[in-house]
Structure formats: structure tokens, C-alpha cells
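Working notes for the structure below.
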Amino acid sequence: MTRDVGLDDELPDWAGAKEFYQKYDPKDVIGRGVSSVVRRCIHKQTGQEYAVKIIEVTPERMTLQQLEEVRSSTSKEIAILRQVSGHPFIITLIDSYETSTFMFLVFDLMRRGELFDYLTEKVTLSEKETRCIMRALLEAVSYLHANHIIHRDLKPENILMDDELVIKLSDFGFSCHLEPGEKLRELCGTPGYLAPEILKCSMDETHPGYGKEVDLWACGVIFFTLLAGSPPFWHRKQMLMLRMIMEGQYQFGSPEWDDRSDTVKDLISRLLKVDPAERLTAEQALQHSFFHRYGKECRHFSPYRKFKVIAWTVRASIRIFSNYRRVRPVTKELLLCDPYSLKGVRKLIDACAFRIYGHWVKKGEQQNRAALFENVPKAIQLVLLSAEGEEGPSSMVDDPPN
């Protein structure tokens, strides 16, 4: 008697993938990596949405050594995520499945995506918003260090946000266990966030190595970047940038830092200490006065800055009063004559124009969006002139110049 050959017999390692597809329904792609893709997926029984990271481990894409490294690092990442599961500010690994060609990691779905994208959209964050983000990040780092885990790749791209702007730390590919007194020498991480001791260790064979303090340096770089909109250490030539990092060369420049409190500058400077022994720990950083909700922020303004503030206040008061005196009532005649001169109407016109044309006219010295509404073809002008006596003035919108 012959037995029918099923799918499990043809592909012995299909069981893991089959189990995933029986439990989850993968949907649209929400992210891509070098050897992985992240998709939104739905739990079939509950309808709950998650994110699944699908890692391809095939000889067509990698060498045998690379395959082994990816499998090893992913296995370590899974073990660490299992250990720290349940922390409110660390991504939760829901499920994991493995075959000889694919690895499936199911995580919380963070709808707002990366903190990096949020910062790109906002350019800079307020001290209040930065306080919430950095408190959560430092609590996550403190929890990791208490469990003898070092992350080694802290950066805005590895911090995810949900709809309520709550953050969760992710991407533990470079993470590892580090016992007290133990040191590491491996060069890994992202250049702009590398601590000075990591760079020195890679250049000096006699260097003792680095420890969990490197995570606090990266926190300081993230802290600085959120408030300034740019990193503290940057140069178009990477060697010069690395030299700036090793020497701790950064500054709270103007105008980005003019209105920032001395309290937050003090905390950042304590995190960006070149000597790791002088750097704050995560617990010490959380005890800093910057995180005291009702603590007073210390601001010291120079006489010149005080004069500028007073001058701005006087100018603003004069402008408000003069605008109030010159305000014109909105009448039918005004709307027909010059609708674009009224701010509220102008916004409405611009919104309608964007819907029609699909883009704004580029701003520049020789360009004016109001010109869109002044271009009327000659044929239409003749029609308007003939109909003006019956229907009154009209306004037509012509195609904008390319």
C-alpha cells in the first residue's frame, strides 16, 4: 500500500513556516532591511494586529559564514527579548518560528514607526516631549543593565513609537550579556553614536575594552539630537567626525540652544563624558533634576538676550495694535475684489488649489501662489466680459506654470 506524499514530507522544514501562516495572516510591507522585510500581520483568531520580521537565510543571498552569523545573532536576540519581555518600554517578542530558509519574529505593532522619522517630521522637539521620551529610554536601558545586558546600538532608528507616542526600544541584534567587571572589544554599532572607548579600543590593542557605559553615551547623543535637530558629532569626512567623538568636541551652538534650559544642557554634558568612569549611569541620569516634573528649570539670559526679548515684545505689541486699527470688515465687495488678501480665505483657496493641482508652487523670490488665480486664458476673458454685466465679476483658475 502506497502512502500519499504530503507537503510536510516534501519540505521537512516547512513545519515552522506552516505554523506561522496557520496562526497569522501577513499583510502590507512596513519596513525593509538588508536581509529582512517587516510586514503588518493579523492574528487570525483574535484579529489583533502585529508586526512580523521575516529574515531570509538562504545561500543565494549570503555566504555560509554570513548565514551562520545571522542565525547566531538572531538566536541571541530572541533569547534576550524573552528575558526582558514585559517591560513597558522594550518591544515585546510575541512569537518566533524558524525554518532552514526563513525566520519569523512577531512583535508589537508600533504604528508611528521610528523615532527618527518622527524627528524628521518635527525637526526639533520641546524639552517637555524630550523629557518623556528620554525618561522612557533611560528606564529601558536601566532595566537592561540591571539584567547584565548591553544594547550597543541605541539610535532613533531603533526606537519605535505607537499612536500615543509611547516609545519602545527595539533591534537587539548587537545586544549581549555582560557580567560585572567583564569588558568587550568588538567594534559594532552606528558611527555617529559610537562611544570614544569603542573607537579607542579598535585602534589600541592594549586598551582594556568597553562596558555598558557605551549605552549612556549613545543616550546623550540621542538627547542632543532630539533638542537640536542635528547630532552633536558630525563632519562630512568620517575620520574627522570620529576624531571629534574621541575628543568629545561638541558645543551648544546658537540659535538651536539659545532657549534651552541650563538643566538639560548639564544632563547632556554629563552623559557625553569622554571618560566612561565620569559618565552618569542610567539610574543617576533618571535622578537628575531635569526629570523632576515640578522642578524649576534654570535659565540664565545675557543682558543682550534680555534686550532682544524686550524689543521683540514691544514690536509685537505695536504690530498687534496697528493690525487691530487697520482691520477691515469682510464684505461681499472685498471678497469679490481681492479674496486672496484675507488670510482665512487664502488658506481655503490654497487648500482647494492643492487638491486640484496635487502640489504647491515652489516658493521663491520670483514666485507667488496668488499668481495662480490671476492667469485667465484670453478666450475665457472674453466670455467673462460678456457675462459680467449679468452675473458680476468671476474668478477662474488656470493651470499653474511648470
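Quick notes
- With the cut-off at under 11 Å, measuring from each backbone N in the range 90-132 to a point 7 Å along the Cα-to-Cβ line of Arg71 picks out 99-102.
- Taken over the range 113-291, the ratio of Cα radius of gyration to 2.2 N^0.38 Å equals 0.98.
- Ordering of 81-93, 244-256, 264-276 by packing is 264-276, 81-93, 244-256, highest average first (other Cβ atoms within 10 Å, averaged per residue).
- Positive-pole candidate from His288, Ala277, Val123, dipole of the range 113-291, charges at beta carbon: Ala277
- Percent RCO, i.e. relative contact order, over the range 113-291, from Cα pairs under 8 Å lying at least 6 residues apart: 25 percent
- Of the residues Phe223, Pro191, His151, the one whose Cα sits farthest toward the positive end of the charge dipole of the range 150-227, with +1 on the Cβ of Lys and Arg and -1 on the Cβ of Asp and Glu, is Pro191.
- Between the range 176-216 and the range 92-154, the alpha-carbon centres lie 21 Å apart.
- With the simple spin-label model, which puts each label point 7 Å out from Cα in the Cβ direction, the Lys128 to Arg243 separation comes to 4.3 nm.
- Rounded percent of accessible protein surface that carbon and sulfur make up, the range 15-108, 1.4 Å probe: 49 percent
- Other-chain or far-sequence residues with amide H under 5 Å of Ile30's (modelled H): Val38, Arg39, Arg40
- Here is the P(r) of the range 11-63: all C-alpha pair distances, binned every 10 Å from 0, give 23, 45, 29, 3 in whole percents.
- Rounded to whole Hz, the Karplus (6.51, -1.76, 1.60) HN-Hα couplings of the range 214-226, x for glycine and proline: 5, 5, 6, 4, 4, 4, x, 5, 4, 3, 4, 5, 4
- Listed peptides 175-187, 210-222 by packing density, highest first (mean Cβ within 10 Å): 210-222, 175-187
The values are calculated or read from the model by the stated rules, or taken from the named source; none is laboratory data. All of these numbers come straight from a predicted model, not from anything done at the bench. FYI the Cβ positions are ideal-geometry reconstructions off the backbone, even for glycines, and counts take in every protein chain you see. Each accessible area value is taken on the protein alone, full model and side chains, heavy atoms only, with ligands, DNA and RNA left out. Shrake-Rupley method; radii C 1.70, N 1.55, O 1.52, S 1.80 Å.
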